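The values are calculated or read from the model by the stated rules, or taken from the named source; none is laboratory data. Just so you know, these numbers come straight off a predicted model, no measurement behind them. Neighbour counts are summed over all protein chains in view; Cβ atoms, including those assigned to glycine, are modelled from backbone coordinates with ideal geometry.
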Amino acid sequence: MTELIELDIEEHGEVVVAHLKGELDIAGASGLGDSINDAVPTSARGLVVDCSNLDFIDSSGIAMLFGLARRLGSRRQELRVVAREGKPVARVLQIVEFDRAAPIHETLDEALAQTN
């Protein structure tokens, strides 16, 4: 990871929440994806990736999210993403139709309510 991206992991019951802040680009995507994946035990119901404080995401960041969706799906765990409508990250997720891989929510509370 680089200093452009910050990751904070916390648990909400059986759900792991990964809060992202900063810019997610090729320099940080691979290591970040591994860190998030390693933080989700097989006993967890799922993962919420909170992108509400993410200012920028490039194609490597999008690929990382799709990779998490595949890995979690193979373990029968849910992935949900938080991205505020009208923000650049939400627009990118809309363009690539990420909602076909995992649900996108407006708030963390909404994502957690749907996961529990």
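Could you figure out which of (1) touching a Ser or Thr at 6+ places or on another chain (Cβ under 6 Å); (2) at pLDDT below 95; (3) over 21 Å from Val96 (Cα atoms) isn't true of Gly46?
(2)
Residue under question is Gly73, and the condition is that it be of a type outside the set (A, V, I, L, M, F, W, C), in a helix (DSSP H, G or I) and crowded, with 17+ Cβ neighbours inside 10 Å; does it hold? Please lay out each step first, then the result.
Values: of a type outside the set (A, V, I, L, M, F, W, C): yes; in a helix (DSSP H, G or I): yes; crowded, with 17+ Cβ neighbours inside 10 Å: no.
The answer is no for Gly73.
Could we say that Ala39 is touching a Phe, Trp or Tyr at 6+ places or on another chain (Cβ under 7 Å) and of a type in the set (A, V, I, L, M) here? Walk me through it before giving the result.
Numbers: touching a Phe, Trp or Tyr at 6+ places or on another chain (Cβ under 7 Å): no; of a type in the set (A, V, I, L, M): yes.
No; evaluated as a whole, the condition is false for this residue.
Here are some residues: Arg91, Arg80. Which one is in a helix (DSSP H, G or I), among the charged types (D, E, K, R) and at pLDDT 95 or above? Give the derivation first.
Details: Arg80 fails: in a helix (DSSP H, G or I).
That would be Arg91, the only listed residue that is in a helix (DSSP H, G or I), among the charged types (D, E, K, R) and at pLDDT 95 or above.
List the strands (runs of 3 or more DSSP E) that sit entirely inside region 5-63 and contain at least 3 residues that are crowded, with 20+ Cβ neighbours inside 10 Å. Step through it out loud before you land on a result.
Details: elements: 5-12, 15-24, 46-57.
Those strands (runs of 3 or more DSSP E) span 15-24, 46-57.
Could we say that Gly86 is under 17 Å from Thr107 (Cβ atoms) and exposed (fewer than 14 other Cβ atoms within 10 Å of the Cβ) here?
Taking the combined requirement at face value, the residue satisfies it.
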